[in-house]
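The values are calculated or read from the model by the stated rules, or taken from the named source; none is laboratory data. Here the structure is a predicted model, which means the values were calculated and not measured. A quick note on method: Cβ atoms are made from the backbone with ideal geometry, for glycine too, and the neighbour counts reach across all protein chains shown.
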Amino acid sequence: MATENPPLRVALPARAQLGEGAVWNPQDEKLYWVDIEGRSLHIFDPATGQARQLATGSRIGTVAPARGGHVVVAQQNGLHLLNTLSGESTLLANPLTKPSLRFNDGKCDPAGRFWAGTLDMNGKVGKAALYRLDADGRLHTMLTGVTISNGLVWTRDQRTMYYIDTPTHVVQAFDYDHATGAISNPRPVIHIPEADGDPDGMTIDAEDHLWIAHWGGGQVGCYDPLTGQKLQTIPVPAPHTTSCAFGGPELKTLFITTARQDLTPEQLQAYPLSGSVFALEPGVAGVPAHIFQNPL
């Protein structure tokens, strides 16, 4: 891993209210991300600089690649299969019964199941949950008592899942059963100091190190979950750093989303690039995103 940070650049000068959910789609080699409060899905091709967006009509927490020109999205009104060409949306499941709840971060596991968690927009503690949507349409509640469900990733050996409930400032590891999707044996592996900001979105690299965006911390941190040690800090000129994903040629570029939400006018003046998508080559490669195994 590189010991010195390579230069960070603006990949896309967006002004997202709440940029989130970055994922590199290996099927079309484009970066997908969302603006939660902007209620829009964004598709960016860094090779050409072309970017387009699709209005989603409700808050959209995250996106994951699916088969057949589709993506699976977690919105305030449920989990949907979205055709990125036609914009047609199909509801897959919606366990949310309270208007204060919305879906937040999520990803597909190595078997192609879609995991997505929630938060309470009124800030209530312990009212959220983590769900797993299987390809056959069955929805499973995996964790309850969550406050702000956030980043989650799986190791390459398909035996461990890492998960963040933001206010705990802890990354938890779970034993993961690839065959069934069950998780067990939760244990803390990384503790994030409050001075570094709140742990938000997360990705994993080819060495099974974790890259975590820090809301309020203006950085992405790289951690070894086996030791809990912080290996690298990527400063970002946007206090609310929200998510990150490896993409580009050979998955060697780290893309980073940010937000303008909850910044004071003084902060926005000091950090005018807030809301943009940033990129750099940190000296390590990522792993391909898993594809939702939706019925075609």
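Restricting to the stretch 241-260, name every residue that is farther than 27 Å from Pro110 by Cβ and outside any strand (DSSP E or B). Break it down stepwise before answering.
From the stretch 241-260, those farther than 27 Å from Pro110 by Cβ are 258-260; that's our starting set.
Answer for the stretch 241-260, where residues must be farther than 27 Å from Pro110 by Cβ and outside any strand (DSSP E or B): just Arg260.
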Within the stretch 185-208, tally of residues that are under 21 Å from Glu4 (Cβ atoms) and surrounded by fewer than 19 Cβ atoms within 10 Å (Cβ to Cβ)
3
Go through the stretch 172-223 residue by residue and tally those that are more than 15 Å from Leu130 (Cβ to Cβ), part of a strand (DSSP E or B) and of a type in the set (Val, Ile, Thr).
6
Which of the residues belonging to the stretch 112-124 are in contact (Cβ under 8 Å) with a residue 60 or more places away in the chain and outside any strand (DSSP E or B)?
Gly112, Arg113
Exclusive hit being of a type outside the set (S, T, N, Q), free of Cβ contacts under 8 Å to residues at least 24 places away in the same chain and in a strand (DSSP E or B), set Leu81, Leu91:
Leu91
Determine if the stretch 13-24 includes at least one residue that is under 19 Å from Arg113 (Cβ atoms), loosely packed, with under 15 Cβ neighbours inside 10 Å and not aliphatic (A, V, I, L, M).
no
Residue among Pro6, Pro99 that alone is surrounded by fewer than 17 Cβ atoms within 10 Å (Cβ to Cβ) and closer than 23 Å to Arg132 by Cα
Pro99
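When the stretch 209-220 is examined, which residues are found to be among the small types (Gly, Ala, Ser) and surrounded by 24 or more Cβ atoms within 10 Å (Cβ to Cβ)? Give the derivation first.
The initial filter retains those residues of the stretch 209-220 that are among the small types (Gly, Ala, Ser), namely 213, 216-218.
Correct list: Ala213, Gly217.
Yes or no: the stretch 203-210 includes at least one residue that is closer than 25 Å to Asp262 by Cα, in contact (Cβ under 8 Å) with a residue 60 or more places away in the chain and not hydrophobic (A, V, I, L, M, F, W, C).
As a first pass, look at the stretch 203-210 and keep what is closer than 25 Å to Asp262 by Cα: 203.
Narrowing the set further to residues that are in contact (Cβ under 8 Å) with a residue 60 or more places away in the chain leaves 203.
Okay, now just the ones that are also not hydrophobic (A, V, I, L, M, F, W, C), so 203.
Checked against the condition, which is being closer than 25 Å to Asp262 by Cα, in contact (Cβ under 8 Å) with a residue 60 or more places away in the chain and not hydrophobic (A, V, I, L, M, F, W, C), the stretch 203-210 yields at least one hit.
For the stretch 125-153, which positions are part of a loop (DSSP other than H, G, I, E, B), among the basic types (Lys, Arg) and closer than 20 Å to Ile60 by Cα? Full working, then the answer.
Applying the first criterion (part of a loop (DSSP other than H, G, I, E, B)) to the stretch 125-153 yields 125-127, 134-138, 147.
When the remaining residues are screened for being among the basic types (Lys, Arg), the result is 127, 138.
Scanning the stretch 125-153 gives a single hit, Lys127.
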Is it the case that some residue within the stretch 261-272 is of a type in the set (A, V, I, L, M, F, W, C) and in a strand (DSSP E or B)?
no
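Regarding Ile234, is this residue in contact with a strand residue (DSSP E or B) (Cβ under 9 Å, 6 or more places away or on another chain), closer than 24 Å to Leu8 by Cα, modelled with pLDDT of 95 or more and hydrophobic (A, V, I, L, M, F, W, C)?
Values: in contact with a strand residue (DSSP E or B) (Cβ under 9 Å, 6 or more places away or on another chain): yes; closer than 24 Å to Leu8 by Cα: yes; modelled with pLDDT of 95 or more: yes; hydrophobic (A, V, I, L, M, F, W, C): yes.
Criteria met by Ile234.
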Give me the pairs, please: first residue somewhere in the stretch 57-68 and within 11 Å of Ser40 (Cβ to Cβ), second residue anywhere and outside any strand (DSSP E or B) and at pLDDT below 95, beta-carbon distance under 6 Å, and either six or more positions apart or on two chains.
Ser58/Gln76; Ser58/Asn77; Arg59/Gln76
